[in-house]
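Below you'll find the structure, written out as structure tokens, and then a few comments.
None of the figures in this text is laboratory data; all of them are computed from the coordinates on show. Please read these numbers as outputs of a predicted model, since none were measured by experiment. When we count neighbours, we look across all protein chains shown, and the Cβ atoms used for this are built from the backbone with ideal geometry, even at glycine.
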There are 2 protein chains.
Amino acid sequence: MSRYLTPTLAALKPYTPGEQPQDQQYIKLNTNESPYPPSPAVAAALTAEEADKLRLYPDPACAGLMAAAAKHFGLAPNQIMPGNGSDENLFFALRAFCDSTRPLAYADVTYGCYGVWCDLMHIPSHILPLEEDFSLDPEKYHGLGETIVIANPNAPTGLALTPGQIEGILKANPDNVVIVDEAYVDFGAESCVPLIHQYDNLLVVQTFSKSRQLAGARLGLAMGNAELIADLNRVKFSLNPYNINRLTLKAGQAALEDTAYFEATRNKIIETRAWTAAELRKRGFVLTDSRTNFLFARTSRMEGGALYRALKAKGVLVRHFDGARVSDYLRITIGTPQQMEALVKALDEILEG
Amino acid sequence: MSRYLTPTLAALKPYTPGEQPQDQQYIKLNTNESPYPPSPAVAAALTAEEADKLRLYPDPACAGLMAAAAKHFGLAPNQIMPGNGSDENLFFALRAFCDSTRPLAYADVTYGCYGVWCDLMHIPSHILPLEEDFSLDPEKYHGLGETIVIANPNAPTGLALTPGQIEGILKANPDNVVIVDEAYVDFGAESCVPLIHQYDNLLVVQTFSKSRQLAGARLGLAMGNAELIADLNRVKFSLNPYNINRLTLKAGQAALEDTAYFEATRNKIIETRAWTAAELRKRGFVLTDSRTNFLFARTSRMEGGALYRALKAKGVLVRHFDGARVSDYLRITIGTPQQMEALVKALDEILEG
């Protein structure tokens, strides 16, 4: 840290992303990536002609991708904005709809970036604890008078609210924006996108990193009524008008249009999740009802941190969080059936050994 | 604008990027892109294997690109940080080194984003007017006690300071960061990167958008001593840890390593600039001594806005700014020799017609 850094930044605790070892020697089940490559249409979209066009700035309006997304989600193009990953859209949304007098309400156990962004932008955090079983009581979010963000399904708990429950929160906070972070929605929860037509305070954020296999391309979509999206574009054009590169625009559009591949791969993940959950339960693990591409699991036979380290020593990388209520747990990304068999074998060796 | 937007955002005037017509019917000399495609090594780097790897997050440390950049610039990898375009690095730097009590000093005629970022982040702007001839008097930046940003060469004026002049500013502001925005440095100015070894308050920002033909890939580099770069990484890991996508990392590294192509294309631009400037001077235009890939030119025969519109009607797109001291001028990107011949022909038709 230099002596030139502002006090706000000096005091901040940045988010710690999951380990990204570059040597690929691990079975990597720690950052919720897909075990399957993107649609073959993605590689086909990255032509030499597109490489040559890199001399030109991208379309700041991202019209091609927006048209494809509008068709896919049943929205108008001006109800959608792409971001350099979902993180950027979420950060833009906090920039637009929160400030030092307008706090952000969110759960105690949820995506770690919400709190970091609040600290960075001097936004007060209103942290609402989840219930004992990690479920979220929607009534606690009624009438808050604050901007709200809910990861649905939540991470790392994997639990989801119904659109009806979200609708209750929207109705009970008509003067505040409710951000629903649907990073994992495609793996077994129901999306709130259809509610956009009825609620002008709903902003839904989705990502291409999980169910569309494009974590490395950095692409997310924010969806809401046209005025909310215009607000986000105001932030984008004030910060980084060319925030999405040309190749990602092409890759994203190709992935979005290959709906058959999307369905096939997410169904494989859901099947493998069911198999893995059953195997873990057989071994006495306690699991939440995950609607995501990961499991959130603990065993009374070994503390979470110790089990994480033992798995890593056996070449299986999972995620462990040090936080108060979650340190007993592991967050385990669903990989291929073979990878999950290797996980179960490693667990048996560690716990029976 | 929605009723949910914060007052700060509602009051803000976003930056207006140059027009980006998507139909390619114009000779496009308005956003300082290169008329030449990127190095063939860029297309070669975008393999089907890389497309498949998009399922994985990028390396947040960007180690491959940082190693190549360190070698190229004679720095250590921890003295460099990549951004999602130079804009992101500049925005991160203002985040790190300015706040409501630490103003940013910059010229009245310079890159328009500096002021927008200040407004967005509640950073006071200290605007120092350029001299009558658009030159920058370095003495006016001595002992300011403020963070400083200098585009060198400047845009849209095209004029450059020497590293000796920048060094004077660094010495005269030891307690403040001096950001040197070298977006255009490769076209005829001298870089301040070697000064990084002597001054811990120097941050140099470069881009791959101009001299490396990758405007569409969005990539910039911030360079400075390791502590300043650690500060910028603190911002990055607080905002968007995976800010650079995998394909851009590969494309950038390939472009950086093809130094022969870089030299050949920038020399062509410099030659074409000299030819174009001479042709314009023959026709009575007044030009600054541009060290960039654009010319900044005016003629007493027609007002800037009218000439911009007349050129656009003839299929030649250049940039016109409405601001106080610059509305007489056009900013004309250097294209291929053929494109510049077409520009001169169009000007003759308009002004003689």
Position B:GLU227, label points 7 Å along Cα→Cβ, spacing to each other copy in nm (shortest first, one decimal) = 4.9
Average partner coverage of A:244-252, which counts Cβ from other chains inside 10 Å = 5
So what are the three principal axis dimensions of the range A:40-258 from its Cα atoms, in whole Å, longest to shortest?
-> 54, 35, 30
Helix-only mean residue ellipticity at 222 nm for chain B, each DSSP H run of n ≥ 4 adding -39500 (n - 2.57), per residue, nearest 500 = -11500 deg cm²/dmol
Peptide-level mean, for B:89-100, of C-beta atoms on other protein chains within 10 Å = 3
Percent of beta bridges antiparallel (DSSP, chain A, rounded to nearest 5) = 50 percent
By per-residue mean of other Cβ atoms within 10 Å, what is the highest-first order of B:270-283, B:106-119?
-> B:106-119, B:270-283
Once you have a ≥ b ≥ c as the square roots of the Cα gyration tensor eigenvalues for the range A:1-101, tell me rounded if a/c is under 1.5, and otherwise prolate or oblate according to whether a/b is larger than b/c.
-> oblate
Out of B:GLU341, B:GLU19, B:GLU88, a Gaussian network model of chain B with alpha-carbon springs under 10 Å gives the largest mean-square fluctuation to B:GLU19
Hey, rough spin-label estimate for A:GLU49 and A:ASP133, points 7 angstrom out along Cα→Cβ, what's it come to in nanometres?
-> 5.6 nm
By average C-beta atoms within 10 angstrom, highest first, the peptides B:124-133, A:178-187, A:68-77 | A:178-187, A:68-77, B:124-133
By how many nm would the segment from B:ALA264 to B:ALA11 lengthen if fully extended, with 0.36 nm per residue of separation less the alpha-carbon distance?
-> 86.5 nm
Which distances, shortest first and in nm, link A:LEU351 to the matching position in the other copies, using label points set 7 Å out along Cα to C-beta?
-> 8.2
Report the label-to-label distance for A:ASP328 and A:GLU227 in nanometres (one decimal), using points 7 Å from each Cα along the Cα→Cβ vector.
-> 4.7 nm
Which Cα, out of B:ALA51, B:PRO153, B:ASN84, lies furthest along the positive dipole direction of chain B (beta carbon charges, K/R +1, D/E -1)?
-> B:ALA51
Shape category assigned to the range A:83-204 from the gyration tensor of Cα positions, a/c cut at 1.5 | rounded
Averaged over A:228-235, how many beta carbons belonging to a partner chain fall within 10 Å of each residue's beta carbon?
-> 4
Any idea how far the Cα center of the range A:230-287 sits from the one of the range B:1-66, in Å?
-> 21 Å
Please label the shape of the protein assembly as shown as rounded, prolate or oblate, based on the square roots a ≥ b ≥ c of the eigenvalues of the alpha-carbon gyration tensor (a/c under 1.5 means rounded; beyond that, a/b larger than b/c means prolate, else oblate).
-> prolate
Distances from B:PRO124 to the same residue in each other copy, label points 7 Å out along Cα→Cβ, in nm, shortest first?
-> 2.7
Local net charge near A:GLU257, Cβ-Cβ under 12 Å (Lys/Arg +1, Asp/Glu -1) | +2
Whole-angstrom gap from the range A:150-170 to the range B:311-342, using each part's C-alpha centre | 52 Å
Contact order normalised by residue count of chain B, Cα under 8 Å, 6+ apart, percent | 23 percent
